[in-house]
Amino acid sequence: MLPAGAASPGHPCCSFNRRGQISLACRRHLKMLCRAALSPLVRSPGWCFVLSPHTIAAISRLYLPRHNQRLRNESIRCWSNIPFITMPLSRAHGKSFAHRSELKHAKRIVVKLGSAVVTRGDECGLALGRLASIVEQVSVLQNQGREMMIVTSGAVAFGKQRLRHEILLSQSVRQALHSGQSQLKDMAIPVLEARACAAAGQSGLMALYEAMFTQYSICAAQILVTNLDFHDEQKRRNLNGTLHELLRMNIVPIINTNDAVVPPPEPNSDLQGVNVISVKDNDSLAARLAVEMKTDLLIVLSDVEGLFDSPPGSDDAKLIDIFYPGDQQSVTFGTKSRVGMGGMEAKVKAALWALQGGTSVVIANGTHPKISGHVITDIVEGKKVGTFFSEVKPAGPTVEQQGEMARAGGRTLAALQPEQRAEIIYRLADLLTDQREEILLANKKDLEEAENKGRLALPLLKRLSLSTSKLNSLAIGLRQIAVSSQDSVGRVIRRTRIAKDLDLEQVTVPIGVLLVIFESRPDCLPQVSALAIASGNGLLLKGGKEAAHSNQILHHLTQEALSIHGVKDAVQLVNTREEVEDLCRLDKLIDLIIPRGSSHLVRNIQKAAKGIPVMGHSEGICHVYVDTDASVEKVTRIIRDSKCEYPAACNALETVLIHRDLLRTPLFDQIIDMLRVEQVKIHAGPKFASYLTFSPSEVKSLRTEYGDLECCIEVVDSVQEAVEHIHKYGSSHTDVIITENEKTAEFFLQHVDSACVFWNASTRFSDGYRFGLGAEVGISTSRIHARGPVGIEGLLTTKWLLRGDNHVVSDFSEHGSMKYLHESLPLPQRNTN
């Protein structure tokens, strides 16, 4: 008996003897179970019984009244009101999963291992390391309570290895006796018959699986099948019953075609030196088995990443993320793999047949050394691996299609005149104020849903909230961006005369396609969109689901503004169910990722990004150092504004550093009193706590970003120690000194290695709008490309333009006719209007 949701045992709660009769001890247990089931406590919500099917049958057979039918019916009704979980617990089988994210709910899974996955590159023997990795992943899923089955190839290859060894050994002995050692090198290996190889390899292959699964305390069982086992109704029922019984006992069935007794071979070749076995391939076997057993998921592992729209290796081949029935006409199939019976066409046919039978299918690469160690578990977790077969087509474009649309739209956007890009941004600013009521209404829906679900803390609710004043500020910022966009793309920043009639220019160009991921901040969408438009970049936006209504209308207004010059597709809002981690793998579509959100989000994105640079900061641990020469009035104003004006912002104060000489002075008392009035919770740093008899709660870590009305106070002995503290515990975001001593201030400004360093000013000034950038895509603490608040300049890169007239490098050789000049040329006049 377990609380609902508790982990269930992996064994039935009663045992049976060889005749199928329940043991006496378990009879007593069942009597107790029956009595307990009728008690009010157990029948209350939140409790369930975990029973095997045999136990359920035993209860109905042994312990419900037999002679009094009315009493028996009432007892059955009593039992029906009690929540039961029978083992094994399977998902109701019917329709396949519509989305990858649902695969984590798969209970019964078939893993098909192709010949190319199981065999070595020399096609003789098994890839032991790869096989061990697959067994480990299957074991992990099995121990999670799933029901795993394996359809495996490899018997022929394993048998071929054994028979080759035996033949070589036999021949070497005979030739050594009759011909001497000199003729050993001339020995030839005869063509091996495939059925003989299979017969020799089956036992060894199974022994290997058993040894590997034993390491994870899992039992495996071998089942060999032929076509007759599916065509003969009695054999089919027997096979089905055997598999169900093995799964019930937590055993992993390992299924293979009985290649030792299949029909005669056909004349063409399969394995090198081994004739083809003319039976249906393991792909169709796996699909048939998956449907027969009503499995939730079939994973087909091969030696390619998945299904491509043309043969892999061709120039235009693209991996198909999701394949839908009816898409076969758009795919060109190539040759089959180096080993095995089928090719990709056979896999697709088998996959579609299984899909039609209610089983979800993923075809993926099981041989790639970088992913094979976690490919199965990644698929079950819903990650974007291989090709997922789905019957449900999304209403809109896929994220890959959106990326391509953003790329094409961004290039068209960059080709517009600066005045046209500015016109789009002005139009968006006007729409933010003209459509104010609709925006606030959508935002109200988001706020109400967030409050009802209780999933957002108060600081995040504040970020989610829009207001008339916020929209007005956004419109003002967008108009600033429109002004600064007049001379951004195509600006010449360097001109050099390389030689006579050979001039070189370095000009600004867009980065390409940006992916901006933001949490609960709908105001981020128009800001980032305006910056992308001004810099000519394509843009993919992934907003938090808590701001779905707000993001939808703001994106609609953005596309309305873009439409005035026919570049609507340049800004795309990703509404599909892609996980952030999957988006971070689209390195061929995305050039830069910019996360806007919590430190947890930023760290996860930095970890997940594969080959795509990430611009941003993982934490905003901002310091204010109060020097001995600080002004009393300035200290309280700056600290109050830095901490209390918007405590959830990344540029809010988190740690106050106070010079030791200021302790127990009126200035120190005023700081403490002000923080108490503002209801700021104070945490004491280690040194500060040592000076106090009764101190506030000691800080758990000096590297804490509170994001709320909390802060840490720590004591330092000098400005030098303050700088060292900031370098050790800060995040290189924004740090401030409050002092009237110019020499001390300059020391602090020059030595603190952060993106923003201020003197006698609030940390909250670290913002693109307040810097006059109009807005920002974020604040970068990295040291490459852009640092601090990132506006239009941070979204541009450069390219080189060389204009010549029949110039070749050989003309500049030692005996050539031309000489390098390398003269700097004046830059063209910038547009300041």
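The values are calculated or read from the model by the stated rules, or taken from the named source; none is laboratory data. Because the structure is predicted, anything quoted here is derived from the model rather than measured. Backbone-built Cβ (ideal geometry, glycine too); neighbour counts: all protein chains shown. For accessibility, only protein heavy atoms count, side chains too; no ligands or nucleic acids. Shrake-Rupley method; radii C 1.70, N 1.55, O 1.52, S 1.80 Å.
Residues are listed down the side, and each one gets a yes or a no for (1) buried (at least 24 other Cβ atoms within 10 Å of the Cβ); (2) modelled with pLDDT under 90; (3) out of contact with any Asp or Glu (no Cβ under 8 Å at 6 or more places or on another chain); (4) among the hydrophobic types (A, V, I, L, M, F, W, C):
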site: G538; (1), (2), (3), (4): yes, no, yes, no
site: K545; (1), (2), (3), (4): no, yes, yes, no
site: G566; (1), (2), (3), (4): no, no, yes, no
site: E579; (1), (2), (3), (4): no, yes, yes, no
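Restricting attention to region 653-690, which residues are on the phi < 0 side of the Ramachandran plot and of a type in the set (D, E, K, R)?
The answer is E654, R660, D661, D669, D673, R676, E678, K681, K687.
Each row is one residue, and each column tells you yes or no for (1) touching a strand residue (DSSP E or B) at 6+ places or on another chain (Cβ under 6 Å); (2) of a type outside the set (S, T, N, Q).
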position: G358; (1), (2): no, yes
position: P369; (1), (2): no, yes
position: S372; (1), (2): no, no
position: G386; (1), (2): yes, yes
position: R421; (1), (2): no, yes
position: L428; (1), (2): no, yes
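If you go through region 283-328 one residue at a time, how many are in a helix (DSSP H, G or I) and at pLDDT below 80? It would help to see each step written out before you state the result.
Within region 283-328, the subset in a helix (DSSP H, G or I) is 283-292, 327-328.
Among the residues that remain, those that are also at pLDDT below 80 are: 327-328.
Total meeting the criteria: 2.
Considering only residues that are in contact (Cβ under 8 Å) with a residue 24 or more places away in the chain and either of a type in the set (S, T, N, Q) or open to solvent by 60 Å² or more (accessible area, probe 1.4 Å) (or both), which ones fall in region 416-429?
From region 416-429, those in contact (Cβ under 8 Å) with a residue 24 or more places away in the chain are 416, 418-429; that's our starting set.
Once the filter is applied, which keeps residues that are in contact (Cβ under 8 Å) with a residue 24 or more places away in the chain and either of a type in the set (S, T, N, Q) or open to solvent by 60 Å² or more (accessible area, probe 1.4 Å) (or both), region 416-429 yields E419, Q420, E423, Y426, R427.
Under the condition of being aromatic (F, W, Y) and surrounded by fewer than 20 Cβ atoms within 10 Å (Cβ to Cβ), which residue from region 726-749 is nearest to L653 (Cα to Cα)? Break it down into steps so the answer makes sense when it comes.
Restricting attention to region 726-749, the residues satisfying the condition of being aromatic (F, W, Y) are 729, 747-748.
Restricting the remaining residues to those that are surrounded by fewer than 20 Cβ atoms within 10 Å (Cβ to Cβ) gives 729, 747.
Numbers: Y729: 14, F747: 21 Å.
Restricting to residues being aromatic (F, W, Y) and surrounded by fewer than 20 Cβ atoms within 10 Å (Cβ to Cβ), the top hit is Y729.
Among residues belonging to region 750-759 that are in contact (Cβ under 8 Å) with a residue 24 or more places away in the chain and among the aliphatic types (A, V, I, L, M), point out the one that is most open to solvent (accessible area, probe 1.4 Å).
At the first step, the residues of region 750-759 found to be in contact (Cβ under 8 Å) with a residue 24 or more places away in the chain are 751-756, 758.
From what is left, the residues that are among the aliphatic types (A, V, I, L, M) are 752, 755.
Details: V752: 9, A755: 28 Å².
Of everything passing the filter in region 750-759, A755 is most open to solvent (accessible area, probe 1.4 Å).
May I ask you to verify whether I553 is open to solvent by less than 30 Å² (accessible area, probe 1.4 Å), within 20 Å of L464 (Cβ to Cβ) and either in contact with an Asp or Glu (Cβ under 8 Å, 6 or more places away or on another chain) or at pLDDT 90 or above (or both)? Before you say what the answer is, go through the steps one by one.
On the way: open to solvent by less than 30 Å² (accessible area, probe 1.4 Å): no; within 20 Å of L464 (Cβ to Cβ): yes; either in contact with an Asp or Glu (Cβ under 8 Å, 6 or more places away or on another chain) or at pLDDT 90 or above (or both): yes.
For I553, the condition - open to solvent by less than 30 Å² (accessible area, probe 1.4 Å), within 20 Å of L464 (Cβ to Cβ) and either in contact with an Asp or Glu (Cβ under 8 Å, 6 or more places away or on another chain) or at pLDDT 90 or above (or both) - is not met.
Could you look through region 76-132, keep only residues that are at pLDDT 80 or above, assigned to a loop (DSSP other than H, G, I, E, B) and of a type in the set (A, V, I, L, M, F, W, C), and pick out the one that is farthest from I376 (Cα to Cα)?
Ranking the candidates gives A98 first.
Would you confirm, using the coordinates I've provided, whether V392 is farther than 25 Å from I590 by Cβ, in contact (Cβ under 8 Å) with a residue 40 or more places away in the chain and out of contact with any Asp or Glu (no Cβ under 6 Å at 6 or more places or on another chain)? Let's see the steps before the verdict.
Details: farther than 25 Å from I590 by Cβ: yes; in contact (Cβ under 8 Å) with a residue 40 or more places away in the chain: yes; out of contact with any Asp or Glu (no Cβ under 6 Å at 6 or more places or on another chain): yes.
Yes; evaluated as a whole, the condition is true for this residue.
Go through (1) out of contact with any Leu (no Cβ under 7 Å at 6 or more places or on another chain); (2) in a helix (DSSP H, G or I) and name the single condition R494 misses.
(2)
Which of the residues spanning region 218-244 are assigned to a loop (DSSP other than H, G, I, E, B) and without any contact (Cβ under 8 Å) to a residue 60 or more places away in the chain? Before the answer, list the steps.
Residues of region 218-244 assigned to a loop (DSSP other than H, G, I, E, B): 218, 226-227, 232.
Across region 218-244, the qualifying residues are T226, N227, D232.
Of the conditions (1) open to solvent by 70 Å² or more (accessible area, probe 1.4 Å); (2) at pLDDT 95 or above; (3) of a type in the set (A, V, I, L, M); (4) within 26 Å of G774 (Cβ to Cβ), L441 clears all except one; give me its number.
For L441, the exception is condition (4).
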